[in-house]
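All remarks here apply to the structure that follows.
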Amino acid sequence: SRWTGSISSVTVWGSLFPVLFLTVAGWFWFDSTLYIESWNPSETPFFSAVSESVTLTLWAFLGFESAAVNMDAIENPQRDVPRATFFGTLAVAVVYIASTNVMAGIVPNLDLLHSNAPFGLTFAVLFGGTVGKIVMAMMVVSCMGALLCWQFTLAQVFKSSAQSGVFPKIFGRLSKQGVPVNGTLILLVLQSLLALMTTDEYLFAQFERLVNLAVVTNVVPYLYCCLAAPTLLRAAGLPIKQIRWMRGISALALAYSMYAIYAAGLGAIRGAVIVLFIGYLLYRGTVARRPERVQYSLPAWK
């Protein structure tokens, strides 16, 4: 975990630097006329436009629970996990909204639409092709670091689930360095197979298919969390005012999550049902054989 954090803390600047640069300085080249022309050029109805964009928007925020699932590797999780989750999500929202909107006022909409690297294209328009290629290379390095960090996060999730008794034991086995190597390798194989199964002539089509599937499968646990949050907080002894406040937020999050599943489309829902059913079979096969291994615990609050 230490090496993963160190590597990702360096590689993340490959994307942060160009994105933050556009967020702060990109407005110098911003053309309001071009931006207005790029605003819904196909004149798609509001509800349809929101439905088409909600999954991609939610995809940008998938993983905001990473701090929570990595709490075993954090020195002071009770203090740092809530802060990292809230401020990390807020920062991502501000940066994403600002950077993507400023690009729409610099590069014509059709060019952004047909580009596989919109940030690189934007820098190429501003400073030339060489700079654009450098930015694209920086983005690739950043993606490699983010993938490494995400693989560690997923392995941690499965490790914790296995140690709690609700997932196959192989995912809970650790190396001498305390790393769930077996779980990481299994994940790598499954992810590679999924990538091969969804290949498409157009990279964006494959990306969109995987995004929709990922959103639906990730939103389902969010639904359960929305339903369980007030009960968990009440069991943890929080004041009734905080519980009522959380109940209202949970209701809004529940409605949004249901809408995101609807917007992902029937294809993604069918794929997610298959994935969730396989997960249910693994859960039942694990818990039914050794129910005494299951460990339940509530979070500690101050």
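The values are calculated or read from the model by the stated rules, or taken from the named source; none is laboratory data. Note that the structure is predicted; figures quoted are calculated from it, not measured. Because the Cβ atoms are built from the backbone with ideal geometry, glycine has one as well, and the counts that use them run over all protein chains shown. Please note that ligands, DNA and RNA were not included when accessible areas were found on the heavy atoms of the full protein model with its side chains. Shrake-Rupley method; radii C 1.70, N 1.55, O 1.52, S 1.80 Å.
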Determine the principal axes of the Cα atoms in the chain, then give the extent along each, sorted from largest to smallest and rounded to whole angstroms. 64, 46, 39
Round to a whole number: what % of the accessible area of segment 156-256 belongs to carbon and sulfur, probe 1.4 Å? 69
Counting only helical runs of four or more DSSP H residues, what would the 222 nm mean residue ellipticity of the chain come to if each run contributes -39,500 (n - 2.57) and the total is spread over all its residues? -25500 deg cm²/dmol
Restricting to Cα pairs under 8 Å and 6 or more apart, the percent relative contact order of the chain works out to 22
Averaged per residue, what accessible area in Å² does segment 191-242 show with a 1.4 Å probe, protein chains only? 64
Using only the alpha-carbon atoms, how far is helix 2-11 inclined from the longest principal axis of the chain? Give it as 0 to 90 degrees, nearest 10. 10
Express the relative contact order of segment 136-201 as a whole percentage, based on alpha carbon pairs under 8 Å and six or more residues apart in sequence. 22
How much solvent-accessible surface does residue 234 expose, in Å² to the nearest 10, with a 1.4 Å probe and all protein chains in place? 120
Measure nothing fancy, just the Cα-based angle from helix 266-289's long axis to the longest principal axis of the chain, in degrees from 0 to 90, nearest 10. 20
Along the positive direction of the dipole of the chain (beta-carbon charges: Lys, Arg +1; Asp, Glu -1; about the Cα centre), which of 110, 78, 250 reaches farthest? 78
If the only charges are +1 at each Lys and Arg Cβ and -1 at each Asp and Glu Cβ, what is the size of the charge dipole of the chain around the Cα centre, to the nearest 20 debye? 1700
Angle check, please: helix 118-127 long axis (alpha carbons) against the longest principal axis of the chain (alpha carbons), in degrees 0 to 90, nearest 10. 40
What order do 53, 257 take when sorted by accessible area (1.4 Å probe), most exposed first? 53, 257
Which three extents, in angstrom, do the Cα atoms of segment 1-61 have along their principal axes, listed largest first? 49, 31, 12
Given a 1.4 Å probe and heavy atoms of the protein chains only, how would you sort 193, 22, 266, largest accessible area at the top? 266, 193, 22
Expressed in square angstrom to the nearest 10, the accessible area of residue 262 with a 1.4 Å probe stands at 140
Return the tail of the calculated pair distribution for segment 79-170, meaning the percent of Cα-Cα pairs more than 18 Å apart. 66
Accessible surface, 1.4 Å probe, highest first, among residues 127, 46, 87: 46, 87, 127
